[in-house]
Amino acid sequence: MKRCVKCEVEKPCDQFYKHRTNRDGLQAYCKGCVAIHARKYRRKSVAKITTEVRRARKAAYKAAHFDRYSAWRAVETAIKTGKLKRQPCEICGSEISEAHHPDYTQKLLVQWLCDVHHRMVHSKAGLQREVRREA
């Protein structure tokens, strides 16, 4: 029998992992306490890693597409300050719409499109770019 340092419960020796350098050859924490500590550590480090990865991806996108990012930020700021008002989709009239920039240099000149039509416009633009490259 051995007492766990963490939970202070006396448990049989098979409830402790081996540890060569300790006098009795067992860890000070029981297997249950080790598992709880490992779970907490994993959650904390995974959250930290995902946050760091997210920041790095955002910074990479910003660097690669600064014109798009600054146009998006200008529209978001204009909506919040009231300089620009969200309009319904220009194609179908849906109230849920997104700002589409035909030209990123004119940051506040946008078309209001629903998600479906916004994706269609970008896919057509992508196809047109591919055709131009091949020609």
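The values are calculated or read from the model by the stated rules, or taken from the named source; none is laboratory data. Quick caveat, the model's predicted, so the values are computed rather than measured. All Cβ positions, glycine included, derive from the backbone under ideal geometry; neighbour counts span all protein chains shown.
Checked across region 12-29, the condition of being free of Cβ contacts under 8 Å to residues at least 24 places away in the same chain, surrounded by fewer than 10 Cβ atoms within 10 Å (Cβ to Cβ) and under 30 Å from Asp103 (Cα atoms) holds for no residue.
If you go through region 95-135 and keep only what is at pLDDT 90 or above, loosely packed, with under 15 Cβ neighbours inside 10 Å and of a type in the set (Ser, Thr, Tyr), you end up with just Thr105.
Just checking, which of Tyr41, Tyr69, Tyr104 is free of Cβ contacts under 8 Å to residues at least 12 places away in the same chain, touching a helix residue (DSSP H, G or I) at 6+ places or on another chain (Cβ under 6 Å) and not basic (Lys, Arg)? One residue alone meets the criteria, Tyr69.
Quick grid of which residues meet (1) over 30 Å from Pro102 (Cβ atoms); (2) surrounded by 10 or more Cβ atoms within 10 Å (Cβ to Cβ); (3) among the β-branched types (Val, Ile, Thr); (4) in contact with a strand residue (DSSP E or B) (Cβ under 9 Å, 6 or more places away or on another chain):
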{"position": "Val5", "(1), (2), (3), (4)": "yes, yes, yes, yes"}
{"position": "Ala38", "(1), (2), (3), (4)": "yes, yes, no, no"}
{"position": "Arg42", "(1), (2), (3), (4)": "yes, yes, no, no"}
{"position": "Ala60", "(1), (2), (3), (4)": "no, yes, no, no"}
{"position": "His65", "(1), (2), (3), (4)": "no, yes, no, no"}
{"position": "Trp72", "(1), (2), (3), (4)": "no, yes, no, yes"}
